[in-house]
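Report on the following structure.
The values are calculated or read from the model by the stated rules, or taken from the named source; none is laboratory data. These figures come from a predicted structure and were not determined experimentally. Heads up, the Cβs are rebuilt from the backbone with ideal geometry, glycines too, and the neighbour counts pull from every protein chain shown. Only protein heavy atoms, including side chains, enter the accessible area calculation; ligands, DNA and RNA are left aside. Shrake-Rupley method; radii C 1.70, N 1.55, O 1.52, S 1.80 Å.
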Amino acid sequence: MSSKPSNEAGHFGNERFQSDTRQIAGVLFGLSICATFFPLANVTTLIGPDGTTADEGIPLSSLVAGLCVILIGLTGMLTGYMALVHDYGNKYLTGFLLIWV
């Protein structure tokens, strides 16, 4: 018999934490895909093929907002992928992106 205390509870707690992190990362990855591709139609409409880019008023603000949403979505996809596949992440960045995506 060993007199050393078992650390199985800590090991299982760490495995549970990694499992929950992967689940949250999967949700973040899926939502970020939607956030990235949803505004693309509006952005491509506002950036015309013949140089008619929106340059004032509501169309310009819609273009800037669409580009910001795409940027947040791309960042969320990268963070979700890194946490889901490679088990690498930052809890503050993941939490921030889950709120904003």
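At-a-glance table
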{"item": "Contacts under 6 angstrom Cβ, first residue in segment 14-43 being farther than 13 Å from residue 94 by Cβ, partner exposed (fewer than 12 other Cβ atoms within 10 Å of the Cβ), 6 or more apart", "result": "none"}
{"item": "Check on residue 99, in contact (Cβ under 8 Å) with a residue 24 or more places away in the chain and assigned to a helix (DSSP H, G or I)", "result": "no"}
{"item": "Criterion: under 30 Å from residue 18 (Cα atoms), touching a residue at least 24 places away in the same chain (Cβ under 8 Å), assigned to a loop (DSSP other than H, G, I, E, B) and open to solvent by less than 80 Å² (accessible area, probe 1.4 Å) - qualifying residue of 73, 80, 89", "result": "89"}
{"item": "Answer residue from segment 43-59, given it is of a type in the set (A, V, I, L, M, F, W, C) and assigned to a helix (DSSP H, G or I) and is nearest to residue 69 (Cα to Cα) among those", "result": "43"}
